[in-house]
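First the structure, in the form of structure tokens, and then the observations on it.
The values are calculated or read from the model by the stated rules, or taken from the named source; none is laboratory data. Worth saying up front: this structure is predicted, and the values here are computed from it rather than measured. Because the Cβ atoms are built from the backbone with ideal geometry, glycine has one as well, and the counts that use them run over all protein chains shown.
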Amino acid sequence: MRALHMFGLAAGAVVVLGGCSKAEPAKTAAAAPVAPASASADAPPACKDVFQPGKLVDKEKAKAGCASPSGTALMLASLDCKDGTQLWQVGAASGAPAGYVRDGQPYQVVKADATTDANYMKAYKACTG
């Protein structure tokens, strides 16, 4: 019974990632480590390859995550917009230039943190209404 109880605790330890919209931009670390990426074909693409300045971002790749320079798989934070699109904030620690992108628009680079960038704030307000 003791072994079963310990197994139940281990099996019950589940990490749930979810998102919710807030009335103000959240300061995030831009990414949460998921697991080390391996050299296999299943390894996610590098974040710098997913989030390229001035280029459209593949929504499915962004949602699936990307790898940091150290090879750690990251799931980047996104905000669900009122029109069904998503707005991503990307920090430089991901290996991509710090910036933001909304579905269907080119990736925008910021000088520091996206939440202090005037253009990001416009994009955020357009997203949340």
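May I ask you to list the residues in the range 38-54 that are over 15 Å from the mean Cα position of the chain (by Cα) and either modelled with pLDDT of 95 or more or in a helix (DSSP H, G or I) (or both)? Quick ask: steps written out before the conclusion?
The initial filter retains those residues of the range 38-54 that are over 15 Å from the mean Cα position of the chain (by Cα), namely 38-43, 53-54.
Within the range 38-54, PRO53, GLY54 qualify.
Is the range 29-37 home to any residue that is part of a loop (DSSP other than H, G, I, E, B) and either modelled with pLDDT of 90 or more or of a type in the set (Ser, Thr, Tyr) (or both)? Spell out how you get there, then give the answer.
We begin by selecting, within the range 29-37, every residue part of a loop (DSSP other than H, G, I, E, B); these are 29-30, 37.
Next, from what is left, pick out any that are either modelled with pLDDT of 90 or more or of a type in the set (Ser, Thr, Tyr) (or both): none.
No, every residue in the range 29-37 fails to be part of a loop (DSSP other than H, G, I, E, B) and either modelled with pLDDT of 90 or more or of a type in the set (Ser, Thr, Tyr) (or both).
For every residue, the table says whether it meets (1) surrounded by fewer than 20 Cβ atoms within 10 Å (Cβ to Cβ); (2) at pLDDT 95 or above; (3) under 16 Å from the mean Cα position of the chain (by Cα); (4) β-branched (Val, Ile, Thr).
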| residue | (1), (2), (3), (4) |
| --- | --- |
| LEU56 | yes, yes, yes, no |
| GLY91 | no, no, yes, no |
| ASP103 | yes, no, yes, no |
| TYR107 | no, yes, yes, no |
| ASP113 | yes, no, yes, no |
Within the range 64-78, tally of residues that are crowded, with 16+ Cβ neighbours inside 10 Å, out of contact with any Phe, Trp or Tyr (no Cβ under 6 Å at 6 or more places or on another chain) and either small (Gly, Ala, Ser) or not in a strand (DSSP E or B) (or both) = 5
Sort out which residues of the range 96-129 are within 13 Å of PRO53 (Cβ to Cβ) and in contact with a Lys or Arg (Cβ under 7 Å, 6 or more places away or on another chain), and write them in order of number.
-> ALA96, PRO106, TYR107
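Within the range 101-120, can you find the residues that are assigned to a helix (DSSP H, G or I) and among the aromatic types (Phe, Trp, Tyr)? Working first, answer last.
Going through the range 101-120, the residues assigned to a helix (DSSP H, G or I) turn out to be 114-116, 118-120.
Answer for the range 101-120, where residues must be assigned to a helix (DSSP H, G or I) and among the aromatic types (Phe, Trp, Tyr): just TYR120.
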A careful count of residues in the range 79-89 that are free of Cβ contacts under 8 Å to residues at least 40 places away in the same chain and buried (at least 21 other Cβ atoms within 10 Å of the Cβ) gives 1
